[in-house]
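One structure is given here, and the rest of the page talks about it.
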Amino acid sequence: MSYATPAALVTRMVDAGAYKMQLSTRDTLIRAFMGAAILTLGAAFAVTVSTQTGQPLLGALLFPIGFVLLYLLGYDLLTGVFTLAPLAVLDKRPGATVGAMFRNWGLVFLGNFGGAILVAVLMAVYFTYGFSADPSPVGLAIGEIGHGRTIGYADHGAAGMLTLFIRGMLCNWMVSTAVILAMVTESVPGKIIAMWLPISLFFYMGFEHSIVNMFLFPSGLLLGADFTIMDYLIWNEIPTVIGNLVGGLLLAGLPLYLTYGRTATRRVKAPRLRSTAGKSTAPSPAAVEVERTPEPAGVS
């Protein structure tokens with residue numbers, strides 16, 4: 001099948017969410033660790049390109065490389081399971097319980113954090129010749145990102161926190177859309193194109209991705225940036241995680257599931273019937289409710 005209709009797509013989404021909750025602890029951790037490592041290496045590449053060329057758009061256009069690689073290898077990100085796992089719970093799939101969902105989220109978070117920290121350490125060594133020299137221009141740029149996206153939000157107080165949360169929501173709306181769109185086709189080029197568009201958008205717009213930030217901010221701290229671990233946790237990571245959860249589930253996963261997975265009964269306005277005496281009578285309920293019919297292929 002070259003294209004899955006939205007109704008078939010929702011089935012694939014639910015299947016994926018149920019499958020991920022059935023994985024062993026070992027497999028979940030490995031897939032999450034490698035997923036974050038590849039994604040954050042792609043982030044380091046994008047920042048390098050943006051810094052060395054002075055063209056942020058070029059960095060955004062190339063950033064999806066990491067996302068594409070990890071997805072094609074079947075690795076996991078917290079942002080993806082935030083969207084897919086709850087759908088399997090709502091669909092009451094065997095083994096898809098609230099407890100299993102939280103277990104999956106916790107393991108993926110730990111695996112993602114480990115993979116991102118590994119890349120942060122490796123890149124800090126790379127940018128400083130093993131901490132024997134000052135950070136390279138790219139290392140300085142990463143440190144400035146960390147400062148601007150922690151202290152920069154804190155300077156605005158509650159308004160800064162709201163902005164951070166909204167950027168987290170918008171980010172996972174796009175990232176989860178990329179995860180979902182990759183399921184509409186079995187073609188590798190098709191999957192790549194489908195993922196590339198929303199991922200480029202989120203990166204160029206400066207939205208907040210909790211896994212990318214697990215690399216950028218620890219890396220910035222290792223490179224001597226002017227913010228603290230508590231600044232990172234309170235003024236970035238924790239609100240970003242919450243925003244990613246809300247955005248991915250409410251803006252990407254649930255709308256598709258509710259309208260294509262649990263399509264409401266279609267209603268039509270039936271004409272009033274006339275009796276032999278010339279008086280109109282109301283139609284019976286059976287004349288009003290029409291059972292659902294399969295959606296025609298190609299309708300979106």
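The values are calculated or read from the model by the stated rules, or taken from the named source; none is laboratory data. As the structure is a prediction and not an experimental result, all values here were calculated from the model. Counting neighbours? That spans all protein chains shown, and the Cβs are built from the backbone with ideal geometry, glycine included.
Please verify whether the range 207-218 includes one or more residues that are surrounded by fewer than 19 Cβ atoms within 10 Å (Cβ to Cβ) and either within 12 Å of the chain's Cα centre (by Cα) or in a helix (DSSP H, G or I) (or both). No, the conditions are met nowhere in the range 207-218.
Condition check ((1) over 16 Å from Phe217 (Cβ atoms); (2) buried (at least 20 other Cβ atoms within 10 Å of the Cβ)) across all residues:
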residue: Tyr129; (1), (2): yes, no
residue: Ala133; (1), (2): yes, no
residue: Leu140; (1), (2): no, no
residue: Gly146; (1), (2): no, yes
residue: Tyr153; (1), (2): no, yes
residue: Gly157; (1), (2): yes, no
residue: Thr163; (1), (2): yes, no
residue: Arg167; (1), (2): no, yes
residue: Cys171; (1), (2): no, yes
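In the range 192-200, the condition of being over 15 Å from the mean Cα position of the chain (by Cα) and either under 26 Å from Val89 (Cα atoms) or at pLDDT 60 or above (or both) is met by at least one residue.
With respect to the conditions (1) under 24 Å from the mean Cα position of the chain (by Cα); (2) part of a helix (DSSP H, G or I); (3) not β-branched (Val, Ile, Thr), Glu186 falls short on a single one, namely (2). Each residue in the range 187-229 was checked for being hydroxyl-bearing (Ser, Thr, Tyr) and touching an Asp or Glu at 6+ places or on another chain (Cβ under 9 Å), and 1 of them qualify. Restricted to helices (runs of 4 or more DSSP H) entirely inside the range 61-173, those with at least 2 residues that are of a type outside the set (Lys, Arg) and without any contact (Cβ under 8 Å) to a residue 40 or more places away in the chain are 64-72, 98-128. Only one of the numbered conditions (1) touching a Ser or Thr at 6+ places or on another chain (Cβ under 7 Å); (2) closer than 30 Å to Tyr3 by Cβ; (3) not acidic (Asp, Glu) is not met by Met195, and that is (1). Among residues of the range 232-261 that are part of a helix (DSSP H, G or I), those with a Cβ under 6 angstrom from a residue that is surrounded by fewer than 22 Cβ atoms within 10 Å (Cβ to Cβ) and at pLDDT below 95, sequence gap 6+ or separate chain, pair up as Tyr260/Pro6; Tyr260/Ala7. Comparison of Ala43, Ala7 shows that the only residue that is touching a residue at least 12 places away in the same chain (Cβ under 8 Å), assigned to a helix (DSSP H, G or I) and either over 21 Å from Met169 (Cα atoms) or not small (Gly, Ala, Ser) (or both) is Ala7.
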